[in-house]
Amino acid sequence: MEIDLYLVLKDNGLILLFLVIGLGYLIGHIKIFSLPLGPTIGVLVVGLYLGHHGLNISPGVGSFGFALFIFSIGLQAGPSFFSVFREDGKKYIMLALTVAFVGLGLTVFLSRLFGIGNGYAAGLMAGALTSTPTLAAAQDAVQSGVASSLAEIPAEQLIENIGVGYALTYLVGTILVILIIRYVPGLMRLNLEAMARTYAKEKGLLLARGKGLTTADTLPVVRAYRVSPDGHGKTIEQRRLELKQEGVALKIRRRDQLLEPDPQLELQEGDILSLVASLKVHQWVQDKLGFSEVLDADLLDYRVVSDEVVVLDSHVLGKPLKELNLSGRFGCFATGLNRSGVDLPISDEVVLNKGDRVQVVGEESRLRELASMLGYVEQEVEETDLATFSFGIVIGALIGLITLSIAGVSVGLGTAGGLLVVGLVIGYMGSVNPTFGRVPGAARYLLKELGLMLLMASIGVNAGGGIVEGLISVGPAIIACAVVVATVPLAVGYLIGRKLFKMNPVLLLGSLAGAMTSTPALAVVTDAAKSGVPAIGYAGTYTFANVILTFAGTFLMSL
């Protein structure tokens, strides 16, 4: 039996679609400058190759992926977008705006100077700034009729041109940003590693980058001790303050009775007390005080667990972890922090924002008590509220259809803007009331990643037919322009960050990577600094950049 693979792919869009995604992920593992290309580039390259050979994917696939991607971005950004970061918040917004507006201005100027029109300009900006939201918004602007000034060009051709422009410039933008962030600091004689250590020391940051990392300071252990003679007659709280060590009493045995550890309960000689504290505290208690450890099944019958707690309660927002005294009040320890999908260094000085996900280790009942104070445990929310998710996309798409006529020009958010705004609102409302619009972190990541891959596969395959023509007609000019659009916003953003905001260079480079939504660039500066500090800046600008660059794509197509 002979099977013609080409005909199979041509007649079966489902096989073609997931072949592009699967092969794209494999190619994404290929490394350039020790960094993987990533699935976005991989899927795009495979799609372009197969599209060049006459294969195509239904445009509906791209529209579906686009809706999932943009709406999921809104859900992810919602909790923190409406509560600007307390520390350096305005700086992050200004940096994101600077990169977006400088990139937009250069795109408009250079595209008109070199005659790069008919949709290629939007692809230029999206590719040079490595911004998929800009690409998605620009293509949506064509489909929703916002790009009325280009009405004489068929919509299918415009969408293809945007995809071709993006394909020609995305790799250029990615590589340039990586090279600039890797080598320019050395040319400027900036010691990123030393600067990261200085910043970390000032902020009291834990430099380790592993998520959920435990050490002797953060590993909670339950042990039982017999009360010594010098503790007789003192309350639990008095004894705790006297020893000046952080730990929480769990239960007390007094002869045949098991007592709850009321802070005002007076201890008696011979009492046995179970204590949850860090391994370091237990070592101190045994080595320095000579406390006698006791094996008591009833007092040691506790389970130490690790959970991800989502921060929502208004009473803890804007407060540093040190002020919450997790170890002293609950015997729990924060070992990781994720903000807007980015893992950040953890420290006593870090300020909590709405939507933060804190990895906490502690005794199970105490951890649940802590979670109720901060927000809720992520694992407890398993079901996805598909009704709210679906209706949110419907409402967002309807809002995108609304246009206003100003001086004869139709102005509207477009589907991208509508979906993003509704996603932001639902994400924020879900942070206020966790039972509303439930989309657990893993589900949200899957929806966003699947949406992005469906969109990139559709763009690659459907743009593949025009890639050679585009390369011949605008290739040299658009690639040259991409060099300018990719580098100048970075330079301007760096100058503003250093001269105006006086930002630490390591934090600033992370912020600029976030302003361009470039995860590979973050990996480069993180590796160069040997620190998680850049991720703080990346998380600060990334949320705002996604929103700003989405609207930039729509605006660019309405000019």
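Below are the figures for this structure:
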| read-out | value |
| --- | --- |
| Flag for Leu9 being more than 25 Å from the chain's Cα centre (by Cα) and at pLDDT 90 or above | no |
| Test result for Ile180, under 24 Å from the mean Cα position of the chain (by Cα), modelled with pLDDT of 85 or more, outside any loop (DSSP other than H, G, I, E, B) and of a type outside the set (Phe, Trp, Tyr) | yes |
| Residue tally, condition part of a strand (DSSP E or B) and touching a helix residue (DSSP H, G or I) at 6+ places or on another chain (Cβ under 7 Å), over the stretch 230-267 | 3 |
| Filter result for Pro476 (closer than 30 Å to Thr198 by Cα and either surrounded by fewer than 18 Cβ atoms within 10 Å (Cβ to Cβ) or not small (Gly, Ala, Ser) (or both)) | no |
| Cβ pairs under 8 Å, 6+ apart, first in the stretch 281-294 and modelled with pLDDT of 80 or more, second surrounded by fewer than 13 Cβ atoms within 10 Å (Cβ to Cβ) and in a loop (DSSP other than H, G, I, E, B) | Gln283/Ala216 |
| Single unsatisfied condition, Leu424 versus (1) more than 21 Å from the chain's Cα centre (by Cα); (2) at pLDDT 85 or above | (1) |
| Any hit, the stretch 121-143, residues being touching a Cys at 6+ places or on another chain (Cβ under 7 Å) and farther than 22 Å from Ala457 by Cβ | no |
| Any hit, the stretch 440-455, residues being surrounded by fewer than 20 Cβ atoms within 10 Å (Cβ to Cβ), free of Cβ contacts under 8 Å to residues at least 60 places away in the same chain and not in a helix (DSSP H, G or I) | no |
| Positions within the stretch 324-359 being closer than 18 Å to Tyr302 by Cα and under 19 Å from the mean Cα position of the chain (by Cα), in sequence order | none |
| Out of Phe66, Phe114, Phe101, sole residue that is of a type outside the set (Asp, Glu), touching an Asp or Glu at 6+ places or on another chain (Cβ under 7 Å) and farther than 30 Å from Pro320 by Cα | Phe66 |
| Number of positions in the stretch 283-334 that are in contact with a Ser or Thr (Cβ under 8 Å, 6 or more places away or on another chain) and of a type in the set (Phe, Trp, Tyr) | 3 |
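The values are calculated or read from the model by the stated rules, or taken from the named source; none is laboratory data. These numbers were taken from a predicted model, which means no experiment stands behind them. We place every Cβ from the backbone using ideal geometry, glycine too, and count neighbours over all the protein chains shown.
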